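The values are calculated or read from the model by the stated rules, or taken from the named source; none is laboratory data. Keep in mind that what you see is a predicted model, and the values were worked out from it rather than measured. Don't worry about glycine lacking a Cβ; one is built from the backbone with ideal geometry, like all the others, and counts go over all protein chains shown.
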Amino acid sequence: MPTAPHSPGSAVDPAARPVLAVDQGTSSTKALVICPERGVIGSGSAPAPPRYGSGGVVEADPALLLSSVIEAGRRALAEAGEPVAAVGLANQGETVLAWDPDTGEPLTDALVWQDRRAASVCAELAPHAEELRELTGLPLEPYFAAPKMAWIRRRLTREGVVTTSDSWLVHRLTGAFVTDAATAGRTQLLDLDTAEWSPAALGIFGMAGERLPRVVDAAGHFGVTTAFGDPIPLTGLLVDQQAALLAQNGTEPSTAKCTYGTGAFLLAGTGTRPLRSGTGLVGCVAWRFGGRTSYCLDGQVYTAASAVRWLAELGVVSGAGDLDRVGGSVADSGGVTFVPSLAGLAAPWWRGDAKGSLTGLGLDTGPGHLVRALCEGIAAQVVGLADAVAEDTGTPLGSLRVDGGLTGSDLLMQTQADLLQLPVEVSPLADATALGAGAVARMGLDPGLTVERAAPHRKPSRVFEPRIGAAEAAERLGVFRTEVAALLARTPAPGRAGVVGAG
């Protein structure tokens, strides 16, 4: 088992020693032991699948989230076989629960970011939508944490505290009651300009009297945990997609990263200036170090790997590893168009009420056509996000840096390069979020370490160049966008002005 960290008087610089990086994700928790010199020397994972139900229910058992963090971390440490200097934790961001701050016991299940039940809260608060967007950079949408937090207060319990899942996990690990500025920025309760809780936003959501965690930098000393064995300091906290952005060195507007996990999430840095999107993206905190806040633009595709899971449940594929084999059995989608909005459409439409659609089916349609149509549907939505970033920043992207489990599909990555008409650079390690968590943990050990020095050395494992011309890409994108327009026309918008995404 790992031994306790070296004391301050040790001859070994703690920042030069390995750290444990934990990524608590939607369906599992992944952990890496990362050495600054040798790279990843240990890894572990543990499942933590959510439960899906009717009426937009997506819940997780908090006890399973915590046990998966501990199990994955211990497995990674066991494989590494040596002590670590610190722990970094990345979290799901918009997943929330109520819990007892005295005992740490959960009072509700965790409402996962995909849960849609807070649509009723968004409908009620529709007159405040633009005010909230200006205050927080976020559209009024059940995806974000505050509507779900308010829903819990109205429907489930008034007891304890209600927070994002990171605050509960950190409290169980160390006893601290904190959240990093980027995670706080996913609530719609954080003032985008000051990166502190907004009294006005809290008042709008009826949460003015709530006890909220202290907003902290991503790097610091947040307590000590013995959950993984001997005492280890927790020195890094960052929400998942921003952690991946840091790992991909995405600090400039001309560079964006996209993580293909349960959903697909594209982020591009905008520097120290908060930017409120005019295209339907989210303007939010990227991270805060030394009290200095950096910002990014964020765009979401709600269903990526979750759509692959849906195809697997239908027997079309056995899983994500089967995409290339099945999709490679045909030359194209055979005229099939798949709008995979199985959990609604996110940016830039913000229509959580929209359902998915499959069109162009025929008696000759086979599994390969469905797989290719899904890849095109995911990739086309990502192109829309990339175009929106370029419009908001006035800077076209030069390439797209990608990570996440679905980057293992050459078919999806080639489709992405074709439709985007830009190189797609695949991270050598799919778990970029964990790499980012490790980087901020190292920064917490060494306050003089910059983001550029802490981020892992970047060399793509593969680069996909476009294989089709711009005209063909535009034609295929046009077909997809026409189907989205038709889908939305068949799904009348909720009858209220100023609100998006209600179910």
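Here's a check for you: in the stretch 42-58, which residue that is surrounded by fewer than 18 Cβ atoms within 10 Å (Cβ to Cβ) and either modelled with pLDDT under 95 or farther than 16 Å from residue 405 by Cβ (or both) is nearest to the chain's Cα centre (by Cα)?
This residue is 49.
Being of a type in the set (S, T, N, Q), modelled with pLDDT of 95 or more and surrounded by 24 or more Cβ atoms within 10 Å (Cβ to Cβ) is the filter here, so list the residues in the stretch 94-145 that pass it.
Those that are of a type in the set (S, T, N, Q), modelled with pLDDT of 95 or more and surrounded by 24 or more Cβ atoms within 10 Å (Cβ to Cβ): 95, 136.
With respect to residue 338, determine if the residue is buried (at least 19 other Cβ atoms within 10 Å of the Cβ), farther than 23 Å from residue 93 by Cβ and of a type in the set (Phe, Trp, Tyr).
Yes: the conditions hold for residue 338.
Going by the structure shown, is residue 76 modelled with pLDDT of 95 or more, under 24 Å from residue 241 (Cβ atoms) and out of contact with any Lys or Arg (no Cβ under 8 Å at 6 or more places or on another chain)?
So residue 76 fits the description; yes.
In the list 223, 206, 229, which residue meets the criterion of being in the same structural domain as residue 58 (by TED's automatic domain parsing) and touching a Gly at 6+ places or on another chain (Cβ under 8 Å)?
223
Can you name the residue in the stretch 341-359 that is charged (D, E, K, R) and farther than 20 Å from residue 477 by Cβ and is also surrounded by the fewest Cβ atoms within 10 Å (Cβ to Cβ) among such residues?
So the residue we want is 355.
Does the stretch 68-83 contain at least one residue that is free of Cβ contacts under 8 Å to residues at least 24 places away in the same chain, among the hydroxyl-bearing types (Ser, Thr, Tyr) and over 21 Å from residue 211 (Cβ atoms)?
Looking through the stretch 68-83, none of the residues is free of Cβ contacts under 8 Å to residues at least 24 places away in the same chain, among the hydroxyl-bearing types (Ser, Thr, Tyr) and over 21 Å from residue 211 (Cβ atoms).
Residues in the stretch 395-420 that are closer than 21 Å to residue 472 by Cβ and either in a helix (DSSP H, G or I) or of a type in the set (Asp, Glu) (or both): how many?
11
May I ask you to list the residues in the stretch 171-183 that are touching a Ser or Thr at 6+ places or on another chain (Cβ under 8 Å) and either buried (at least 24 other Cβ atoms within 10 Å of the Cβ) or not assigned by TED's automatic domain parsing to the domain that holds residue 138 (or both)?
Result: 173, 179, 181, 183.
Does residue 339 qualify as being at pLDDT 95 or above, farther than 25 Å from residue 467 by Cβ and touching a Phe, Trp or Tyr at 6+ places or on another chain (Cβ under 8 Å)?
no
Looking only at the stretch 427-450, which residues are aliphatic (A, V, I, L, M) and either part of a loop (DSSP other than H, G, I, E, B) or surrounded by fewer than 20 Cβ atoms within 10 Å (Cβ to Cβ) (or both)?
429, 430, 449
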